[in-house]
Amino acid sequence: VKELYYYLDSTPTHSYMRALYKYPHGSRGYPYADLVSENRRRGLQDSEFELLDTGCFDQNEYFDVVAQYAKQAPDDMYIDVTVHNRASRPAVAHVLPSLWFRNTWA
């Protein structure tokens, strides 16, 4: 997984959780090709080429995505996703939250 995220807060029961995800959007976009090619080039004795190593955050052009999850009851969940553009210029973010549910009825 080539992502930059931090767990900010959580209760022991996970009835409340908050996480911060940082997603680059600069002129180069997400450096997927750089990550693949550089990690393919490196040997087993080399350290892994990480997202921060690409320089994609050097110009401060990224989104901060904060996701908060809260449960009031077993069948009642609240999800709040907030996106902040940290760049000096406007940028568009397309957000598609994904939810996973455990099958307890089959």
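The values are calculated or read from the model by the stated rules, or taken from the named source; none is laboratory data. Owing to the predicted nature of the structure, the values given are computational and were not obtained by experimental measurement. So basically every Cβ, Gly included, is an ideal-geometry build from the backbone, and we count neighbours across all protein chains shown. Quick note on the areas: whole protein, heavy atoms, side chains included, nothing else; ligands and nucleic acids left out. Shrake-Rupley method; radii C 1.70, N 1.55, O 1.52, S 1.80 Å.
Worth pointing out:
- Amide proton proximity set for Gly55, modelled H, under 5 Å, gap of 5+: none
- Extension gain from Lys2 to Ser27, taking 0.36 nm per residue of separation minus the Cα-Cα distance: 7.1 nm
- Solvent accessible area, Å² - Ser98, 1.4 Å probe, full protein context: 90
- Label positions at Arg18 and Asp46, each projected 7 Å from the Cα along the C-beta direction, are separated by 4.0 nm.
- Whether region 39-93 is rounded, prolate or oblate, judged on the alpha carbon gyration tensor where a/c under 1.5 counts as rounded: oblate
- Counted charge near Phe49, where neighbours are those whose Cβ lies closer than 10 Å (Asp, Glu -1; Lys, Arg +1): -2
- The modelled label-to-label distance for the pair Thr104/Asp34, using points 7 Å beyond Cα in the direction of Cβ, is 4.4 nm.
- Between Ile79 and His94, the contour length at 0.36 nm per residue exceeds the Cα-Cα span by 3.7 nm.
- The listed residues Asp34, Asp64, once ranked by accessible area (1.4 Å probe) with the largest placed first, stand as Asp34, Asp64.
- Cα-based shape type of region 1-89, given that a ≥ b ≥ c are square roots of the gyration tensor eigenvalues and the cut on a/c is 1.5: oblate
- Region 1-37-region 47-66 distance, computed between alpha-carbon centres (Å): 10
- Rounded to the nearest 10 degrees, the inclination of helix 32-41 to the longest alpha-carbon principal axis of the chain is 60 degrees.
- Element breakdown for region 1-78 at a 1.4 angstrom probe: carbon and sulfur atoms account for 51% of the accessible area.
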